[in-house]
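**Student:** Pasting a structure below so you can have a look.
Where a number appears in this text, it was derived from the coordinates with a stated rule and is not lab data. Worth saying up front: this structure is predicted, and the values here are computed from it rather than measured. Backbone-built Cβ (ideal geometry, glycine too); neighbour counts: all protein chains shown.
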Amino acid sequence: MSVKLAPALPADDRNGMPSIAASLIDHPDDVHVAVLLVRTKEIRTNVRTGDVVPTAEILAAEAFTGATADAATLHRLLRRQHERRTGKVELPLELEEAIDALRPTTSDEQAEPEPESDETEAGDDGLNDPPW
């Protein structure tokens with residue numbers, strides 16, 4: 001089953017996407033997090049095939065630059081929901097937070113750059129990572 005997304009964002013203060021416009025321009029390769037509230041705008045049925053496709057409209061949108069603690073928490077929640085939906089085993093949220101706390105922050109990475117290597121660490125081939 002598929003879902004379509006209506007292309008319009010709210011035209012008033014329920015649209016928080018402009019809050020990250022500068023970051024999108026200044027750091028085009030960075031990944032940011034957006035939270036959307038949606039509801040069904042319309043439902044279309046193909047009478048020949050019986051396929052039913054809902055279209056969701058965006059009621060509210062808030063965006064977070066990728067460097068914030070809120071974005072990191074939302075990213076974890078996104079990862080957990082992806083794991084639930086795809087059937088992957090998920091770690092308890094507290095354990096995920098503890099593991100994430102062990103990762104170097106952006107300032108740590110800049111202070112002590114790691115030497116580049118052609119070898120990957122065991123289990124860190126990136127093949128099981130979601131695309132975000």
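**Student:** Given the C-alpha centroids of the stretch 9-46 and the stretch 48-81, what is the distance between them in whole angstrom?
**Tutor:** 9 Å
**Student:** Could I ask something else about it? Given the options LEU9, VAL33, ASN46, identify the residue whose Cα lies farthest towards the positive end of the charge dipole of the stretch 1-50 (+1 on Cβ of Lys, Arg; -1 on Cβ of Asp, Glu).
**Tutor:** Working it through, the farthest residue towards the positive pole turns out to be ASN46.
**Student:** Another question, if that's okay. State, as an integer percentage, the relative contact order of the stretch 1-65 based on alpha-carbon contacts under 8 Å between residues 6 or more apart.
**Tutor:** 51 percent.
**Student:** Lys and Arg at +1, Asp and Glu at -1: add these up for the other residues within a Cβ distance under 15 Å of GLU42 and post the number.
**Tutor:** That sum, taken over residues with Cβ under 15 Å, equals +2.
**Student:** If you don't mind, there's one more thing I want to ask. Compute, for the stretch 1-65, the length of the dipole vector about the Cα centre, with Cβ point charges of +1 (Lys, Arg) and -1 (Asp, Glu) only. Units Debye, rounded to 20.
**Tutor:** Rounded to the nearest 20 debye, it is 500 debye.
**Student:** Please turn the phi angles of the stretch 67-76 into ³J(HN,Hα) values with the Karplus equation 6.51 cos²θ - 1.76 cosθ + 1.60 (θ = phi - 60°), one per residue in order, whole Hz, x for glycine and proline.
**Tutor:** Once rounded to whole Hz, the list reads 8, 8, 5, 4, 4, 5, 5, 5, 5, 4.
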